[in-house]
Amino acid sequence: MSSASSHAVHGLMLSQIPYGDKGHILKIWTRPFGVQSYMVHSVRSGKSGMRPALLLPMTALDAMVTHRDKGQLEKVSEVRALTVWKRLATDPMCQALCLFAAEVLAKTLKAGDSSEAFFDDVMDVLHRWDEPGTSLAMAAVELCALMAHHLGFALEPEDYKNGWEFDLQEGQFCPAGNAQGEFVDAEATAALVEWLQHHERIPPKAVRHRLLDRLMLGLRWHHPGMGEVHSVDILRALQA
């Protein structure tokens with residue numbers, strides 16, 4: 001049997017599970033291969049190059065990994081921080097957002113799933129969140145809307161008409177009362193469209209919470225095994 005070849009990849013840390021005395025199983029969203037699981041035998045080992053700080057949710061990584069594409073644990077031979085987050089690593093609200101983003105992505109992306117364009121869009125969002133002064137009021141909604149877009153939802157402002165709702169199951173705007181099932185109400189839909197066009201026009205907190213609840217409901221409808229996202233409670237506690 002031939003040995004697995006190594007590949008240089010960019011990735012985002014989604015989760016880690018302790019394994020044995022010192023080992024960890026890591027779930028990393030890689031740009032070329034989608035979500036993959038990796039074994040590291042020690043987070044302090046010089047051989048693996050893995051350090052505890054690299055295990056934090058949504059840490060951007062530059063790594064050398066194996067890829068056999070056979071549904072088994074891969075290996076990490078070298079790893080370093082691709083981008084050293086500043087605000088994301090120190091601000092409590094940013095840390096909660098990273099925890100939320102990692103949990104939602106880990107529960108919706110299947111092994112090998114996603115595209116390089118989706119990965120790049122999420123990296124762009126993280127860079128923007130990391131900038132001092134960037135408002136985070138709509139950050140969780142922004143992430144869910146981005147995920148909806150890459151699922152094929154037609155969240156395009158030019159398709160919207162005044163008074164319309166957003167049909168979560170069909171993934172498109174529709175006249176009020178015409179949704180096939182779950183939907184985002186007209187007020188929240190209008191607020192989302194306005195924010196997509198003008199980021200400085202932030203909806204009231206009640207509307208933001210409603211948008212997040214409904215968009216997450218849409219994600220669950222398309223990903224039945226997604227389950228509860230517990231980190232959303234931490235976000236709301238910090239926003240209270």
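The values are calculated or read from the model by the stated rules, or taken from the named source; none is laboratory data. Note that the coordinates shown come from a computational prediction; the quantities given were computed from them, not determined experimentally. Glycine gets a Cβ as well: all are built from the backbone with ideal geometry, and neighbour counts include every protein chain shown.
Restricting attention to region 61-99 and to residues that are in contact (Cβ under 8 Å) with a residue 60 or more places away in the chain and more than 19 Å from Gly34 (Cβ to Cβ), the residue that is surrounded by the fewest Cβ atoms within 10 Å (Cβ to Cβ) turns out to be Pro92. May I ask you to verify whether Lys110 is modelled with pLDDT of 95 or more and loosely packed, with under 15 Cβ neighbours inside 10 Å? The answer is no for Lys110. Here is a check on your reading of the model: is Met58 surrounded by 13 or more Cβ atoms within 10 Å (Cβ to Cβ), touching a residue at least 40 places away in the same chain (Cβ under 8 Å), in contact with a strand residue (DSSP E or B) (Cβ under 6 Å, 6 or more places away or on another chain) and not in a strand (DSSP E or B)? Considered against the rule, which asks whether it is surrounded by 13 or more Cβ atoms within 10 Å (Cβ to Cβ), touching a residue at least 40 places away in the same chain (Cβ under 8 Å), in contact with a strand residue (DSSP E or B) (Cβ under 6 Å, 6 or more places away or on another chain) and not in a strand (DSSP E or B), Met58 comes out as yes.
Taking the criterion of being touching a residue at least 40 places away in the same chain (Cβ under 8 Å), in a helix (DSSP H, G or I) and small (Gly, Ala, Ser), the residues of region 208-240 that qualify are Gly218, Ser231.
Scanning region 145-162 for residues that are buried (at least 19 other Cβ atoms within 10 Å of the Cβ) and farther than 19 Å from Asp213 by Cα gives a single hit, Tyr160.
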